[in-house]
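One structure is given below, encoded as structure tokens.
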Amino acid sequence: MKRVENKVVIVTGGALGIGRETCLLLAKEGAKVAVTDLLAKEGQELVEEVNLSGGEAKFWHLDVSDEKEVEKVYAEVVKEFGKLNATVNNAGIAGVDKPTHDITEKEWDSVMNVNVKGVFFCTKHAIPHLQKSGNGSIVNLSSIYGLVGAGDLPPYHLQKVQLE
């Protein structure tokens, strides 16, 4: 069907799981895929798989909680592929699994920095490139925990509710 043929898409957290499958589907549909992740080995392996199957992909190391790195990587993707048509904000972490009263500020901040600030930074730095392309899409992935609660992973559940 090639719905995204010749489109350039950045996928954060693209090396494993939902991100990996998103990259594979986008490439199969004809997109040029920027696989971004902290996991370089897995990201490079995915890029090789995509390229060997006739798709087009390249890997960038990306810590979405680092705004300067986000800005740099988004600019590099545009330089490499010539434009940006979409970004998929998939990167996320669950954080520690312990009672709220035992969670440290550092543990709390690590979840918020990736799952909340990371989405903001990637959206912020995608928009100017999407505007230059004339249009585009921003896809923010969430989870069932944006709708229902659970007794584990308090920081994760709270930030999902805040994003819904």
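The table that follows gives values for the structure above.
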quantity: Flag if residue 34 is crowded, with 17+ Cβ neighbours inside 10 Å and within 12 Å of the chain's Cα centre (by Cα); calculated: yes
quantity: Number of the exception - residue 12 against (1) of a type in the set (S, T, N, Q); (2) farther than 20 Å from residue 119 by Cα; (3) surrounded by 15 or more Cβ atoms within 10 Å (Cβ to Cβ); calculated: (2)
quantity: Within segment 46-58, considering residues that are more than 16 Å from residue 84 (Cβ to Cβ) and in contact (Cβ under 8 Å) with a residue 24 or more places away in the chain, the one surrounded by the most Cβ atoms within 10 Å (Cβ to Cβ); calculated: 46
quantity: Residue that is more than 20 Å from residue 138 (Cβ to Cβ) and modelled with pLDDT of 95 or more, where the choices are 33, 50, 88; calculated: 50
quantity: Residue in segment 61-70 that is without any contact (Cβ under 8 Å) to a residue 12 or more places away in the chain, loosely packed, with under 14 Cβ neighbours inside 10 Å and more than 13 Å from residue 37 (Cβ to Cβ) present; calculated: yes
quantity: Checking residue 115 against (1) at pLDDT 95 or above; (2) polar (S, T, N, Q); (3) crowded, with 21+ Cβ neighbours inside 10 Å, the condition it does not meet; calculated: (1)
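The values are calculated or read from the model by the stated rules, or taken from the named source; none is laboratory data. These numbers were taken from a predicted model, which means no experiment stands behind them. Every residue, glycine among them, receives a Cβ derived from its backbone with ideal geometry; neighbour counts consider all protein chains shown.
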